[in-house]
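Working notes, structure below.
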Amino acid sequence: MKKQIILYYIFLVCVTALILPLTIQALPLRTAEDAYEVKILEAYYIEDDIYSKMEIQARTQAAAENFYLQLTLINPIGEEISYLLKIMTHLEVLTLDIVFYNSATVAGDYTILATIISNNRWYAETDMVVFDPPNGGSEGDPYIGITLG
């Protein structure tokens, strides 16, 4: 009886050793670098509001993905406005229209940083755009507006 159990155990180990590599090769595994991507497609201004369109790609095997998007606007005098968004989606590609209201208050180069951070925070990727509205707008409390496309 003991010999049968040992033989059965050895048989299971051999079968598992043969099948497991086949199942691993069958799954298209992605690294974090391949799975997450953020691109700022455009940035422009209207009066004292800064508009930006960005595309986020989350190509993983998960049915639903959740990750963080950190948006940072840096004005010409070095002041930063940052927002951290938690995004939960089942879409592989997500297009966002972002508006930084009342934010173009000084003339000079503005920088928008968009950083996608995986949920486990093991991977982050940043895209950046620099642009120059011709003059500053009026003072006001900055805030953000988001439209999903």
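The values are calculated or read from the model by the stated rules, or taken from the named source; none is laboratory data. This is a predicted model, so every value here is computed, not measured. FYI the Cβ positions are ideal-geometry reconstructions off the backbone, even for glycines, and counts take in every protein chain you see.
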### Query
Taking the stated definitions as given, is S138 at pLDDT 85 or above, in a loop (DSSP other than H, G, I, E, B) and of a type in the set (S, T, Y)?
no
### Message
I'd like the residue in the range 79-104 that is among the acidic types (D, E) and in contact with a Ser or Thr (Cβ under 7 Å, 6 or more places away or on another chain) and, out of all such residues, is farthest from V38 (Cα to Cα).
### Response
E80
### Task
List the strands (runs of 3 or more DSSP E) that sit entirely inside the range 62-131 and contain at least 3 residues that are surrounded by fewer than 16 Cβ atoms within 10 Å (Cβ to Cβ).
80-89, 93-101, 124-131
### Task
Give the residues of the range 88-107 that are among the hydrophobic types (A, V, I, L, M, F, W, C), touching a Phe, Trp or Tyr at 6+ places or on another chain (Cβ under 6 Å) and over 14 Å from L41 (Cα atoms), sorted by residue number.
A104
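State which residue is nearest to Y83 (Cα to Cα) when the search covers only the range 105-134 and only residues that are charged (D, E, K, R) and in contact with an Asp or Glu (Cβ under 7 Å, 6 or more places away or on another chain).
First, the residues of the range 105-134 that are charged (D, E, K, R): 109, 121, 125, 127, 132.
Among the residues that remain, those that are also in contact with an Asp or Glu (Cβ under 7 Å, 6 or more places away or on another chain) are: 109, 125, 132.
Values: D109: 20, E125: 16, D132: 21 Å.
Going through the qualifying residues, I end up with E125.
Return the residues of the range 32-61 that are part of a helix (DSSP H, G or I), in contact with a Phe, Trp or Tyr (Cβ under 6 Å, 6 or more places away or on another chain) and of a type in the set (D, E, K, R); say none if nothing qualifies. Break it down into steps so the answer makes sense when it comes.
Of the range 32-61, the ones part of a helix (DSSP H, G or I) are 32-35.
Narrowing the set further to residues that are in contact with a Phe, Trp or Tyr (Cβ under 6 Å, 6 or more places away or on another chain) leaves 32.
Passing the criteria: none in range.
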